[in-house]
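Structure, as structure tokens:
What follows is calculated from the coordinates using simple rules that are stated; it is not laboratory data. Everything quoted here is computed from the prediction, not taken from an experiment. Here the Cβ is made from the backbone with ideal geometry for all residues, glycine too, and neighbour counts use every protein chain on show.
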Amino acid sequence: MKLKTKNLLTLAELSPKEFLGLIDSSIKIKKELKKGISKPLLKNKTLIMIFQKPSTRTRVSFEVGMYQLGGYALNLSSNDMQLSRGESIEDTAKTLSGYTDCIMARVYDHKLLETLSEHATVPVINGLSDSFHPCQILADFMTIKEKKGKLKGLKIAWVGDGNNVCHSMMYGSALSGISMSIATPKGFEPDKNVVKETKKLTKIELTSDPTIAVKNADVIVTDTYSSIHNNDPKRIKKFLPKYQVNSKLMNGAKKNAIFMHCLPAKREQEVTSSVIDGPQSVVWNEAENRLHSQKALLVALIHG
Ligand code: CP
Ligand code: NVA
């Protein structure tokens, strides 16, 4: 599937058809891999990965994904690059474009990705910024489709911090006709502009009451209270005990609701062990699906 966009920075670049198409390709790629079929669609292609922040899932799933597709992935820490000595993003983008077929970057400031993608002649993928995490949502919506058999018409309850993952989930919901109810403490709501944009396409409800958010929900999602870019233990006080996903809160959702978390998780903070390690949790499917959905994305952006 050829995408209209050169880059994937937020998900807003995709049409609903392209987003849903990527989810379906991801499921197909996964099924084929389980049968031992792995097409070398990116033979001799390379991916450069730049990390300003730590990562387990993103780094490993992109690297393994490129390998399975017959290509090669090169991992760079921004500290080891001339970027750390002041070389501009513009010059870095132009230089790297001469070596590689695609760049994936995990950064602090989302604007850096915008500059990188403007000056790179190859596709640029956001591997998480302070503002968005689109690759996570491709995997999450793939997981929801596998578990629920559909996307349109479902309800997601987001409980906790209205952060980067929440923003991308709002775009994913807008693209697939899912409604979202987002429960956050005051001052931790998602970005106003993301709310405005996604509300044009689907129902987005903001509340400070998690019990309202989970009512009739098919999917309950949370994330850490302290992201890499705002790592401050004092934040926990603003969230606990009200915004913890525990068995009692899960019982307020639909009986067959699933629990999701992008990981890494802090047990007994945003989620109890009874939930994340319990029967409704799909977090390991979610983590595995990063591999399959990113392969679908890489193929679409590089191979077309
Ligand atoms: N969910 C996620 O992006 O995990 P990593 O930070 O380990 O890449
Ligand atoms: N919100 C988290 C997600 C980690 C994958 C962070 O930005 O640190």
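Numerical summary
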item	result
Cα coordinate range in region 1-115, projected on the principal axes (Å, largest first)	47, 29, 26
Convex hull of Cα atoms in region 190-261, direction-averaged projection (nm²)	5.7
Relative contact order, percent, region 144-184 [alpha-carbon distance under 8 Å, six or more residues apart]	52
Per residue, the convex hull volume that the Cα atoms of region 126-263 enclose (Å³)	98
Burial ranking of peptide ranges 149-157, 33-41, 6-14 (average Cβ count within 10 Å, highest at the top)	6-14, 149-157, 33-41
Phi-based couplings in Hz for region 34-41 (Karplus 6.51, -1.76, 1.60; Gly and Pro marked x)	5, 8, x, 9, 9, 7, x, 5
Where N is the number of residues in region 81-138, Cα Rg divided by 2.2 N^0.38 Å	1.09
Along each principal axis, Cα extent of the chain, largest first, Å	53, 45, 36
Value of [θ]222 nm, deg cm²/dmol, for the chain, DSSP H segments ≥ 4, -39500 (n - 2.57) each, nearest 500	-11500 deg cm²/dmol
Most to least packed among 54-61, 166-173, 223-230 [average Cβ atoms within 10 Å]	166-173, 223-230, 54-61
Region 173-213: C-alpha gyration tensor shape, a/c 1.5 cut-off, then a/b vs b/c	oblate
Radius, Kirkwood style, for region 65-209 when every pair of distinct Cα atoms is counted (Å)	17.1
Pairwise centroid distance, computed over Cα atoms, of region 217-255 with region 74-105, Å	36
Distance-filtered residues of region 4-21 - backbone nitrogen under 13 Å, label point 7 angstrom along residue 152 Cα→Cβ	16-17, 20-21
Partners for residue 234 among lysines (Cα-Cα distance below 20 Å; same-chain residues under 8 apart left out)	186, 242, 266
Inverse of mean 1/r across different Cα pairs in region 225-276, Kirkwood, Å	11.9
Region 204-304 - Rg (one decimal) and Dmax (whole number), Cα, Å	15.6, 48
P(r) tail fraction, region 1-52 - alpha-carbon pairs more than 13 Å apart, %	71
Calculated P(r) of region 22-79 - Cα pairs past 17 Å, %	46
Estimated inter-spin distance, residue 115 and residue 77, nm [label 7 Å along Cα→Cβ]	2.2
